[in-house]
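The values are calculated or read from the model by the stated rules, or taken from the named source; none is laboratory data. This structure is a prediction, so every number in the text was calculated from the model and none was measured. Here Cβ is always computed from backbone atoms with ideal geometry, including for glycine, and neighbour counts include all displayed protein chains.
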Amino acid sequence: METKQSVSEILADIRQNWPEWDTPETAVMLGIIRLNDLVKERNIRILNGFGLTQAGFEALVTLRAQPVPRRMTPTDLYQAILITSGGMTKVLKQLEEEGDIVREDHSSDKRSRYVRLTSAGEKRAEAVMTAVSEDEKRALQGALSDQQIAQLGKVLLRTLEKLE
């Protein structure tokens, strides 16, 4: 794994060489971007152990979060996880081959089908989510108190509500 310049080092360079961009907003956005990269790297290592891609993981946990019978149309699913329809087709094919999902006829729209999570898919989603959640907990608790984690969550959600 290549070593990247830390956000603190980048901000120090900006402070020294481009002071007009030495703002709290710059620090926040650079931090969010780097944090996203680090979380993805950690998740990829975990997901590889389960034979899943990031998109496959997102599809499984999105379906698992639905009420029983844990199903969605492919269109609703790809919109929920922000993937292209072509990418979703590939993900669904793999999950179906692995027995995590089945396709069912749509009762009111004969042109569409549902994607339903199987019991095996539900177990896989729960196992991988447990592994990811435990890793996230270790990472955050190593850096922040429980109160700080809760506050950060509120701030991030408030920001996302404005940006989405």
Open item on the list: Which pairs turn up if I take residues in the stretch 106-120 that are assigned by TED's automatic domain parsing to the domain that holds residue 72 and look for partners that are in a loop (DSSP other than H, G, I, E, B) and surrounded by fewer than 12 Cβ atoms within 10 Å (Cβ to Cβ) with beta carbon separation below 7 Å, at least 6 apart in sequence or on another chain?
Closed with: 116/69
- [ ] Among the residues of the stretch 44-62, write down those that are surrounded by 14 or more Cβ atoms within 10 Å (Cβ to Cβ) and either touching a residue at least 24 places away in the same chain (Cβ under 8 Å) or touching a Gly at 6+ places or on another chain (Cβ under 8 Å) (or both).
- [x] 46, 47, 50, 52, 53, 55, 56, 57, 58, 59, 60, 61
- [ ] Working only within the stretch 74-88, note down all residues that are surrounded by 13 or more Cβ atoms within 10 Å (Cβ to Cβ), free of Cβ contacts under 8 Å to residues at least 24 places away in the same chain and out of contact with any strand residue (DSSP E or B) (no Cβ under 8 Å at 6 or more places or on another chain).
- [x] 76, 78, 79
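Here's the yes/no breakdown for (1) farther than 25 Å from residue 36 by Cβ; (2) among the aliphatic types (A, V, I, L, M); (3) at pLDDT 95 or above; (4) surrounded by 10 or more Cβ atoms within 10 Å (Cβ to Cβ):
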| site | (1), (2), (3), (4) |
| --- | --- |
| 132 | no, yes, yes, yes |
| 145 | no, no, yes, yes |
| 152 | no, yes, yes, yes |
| 156 | no, yes, yes, yes |
| 161 | no, no, yes, no |
| 164 | no, no, no, no |
TODO: Tell me the helices (runs of 4 or more DSSP H) entirely within the stretch 1-85 that contain at least 1 residues that are within 30 Å of residue 119 (Cα to Cα) and either hydroxyl-bearing (Ser, Thr, Tyr) or touching a Pro at 6+ places or on another chain (Cβ under 9 Å) (or both).
DONE: 54-64, 74-81
Open item on the list: For the stretch 106-119, give me each residue that is exposed (fewer than 13 other Cβ atoms within 10 Å of the Cβ) and either part of a helix (DSSP H, G or I) or β-branched (Val, Ile, Thr) (or both).
Closed with: 119
Open item on the list: Just the residues that are over 15 Å from residue 127 (Cα atoms) and in contact with a strand residue (DSSP E or B) (Cβ under 7 Å, 6 or more places away or on another chain), please, taken from the stretch 41-71.
Closed with: 66, 69, 70, 71
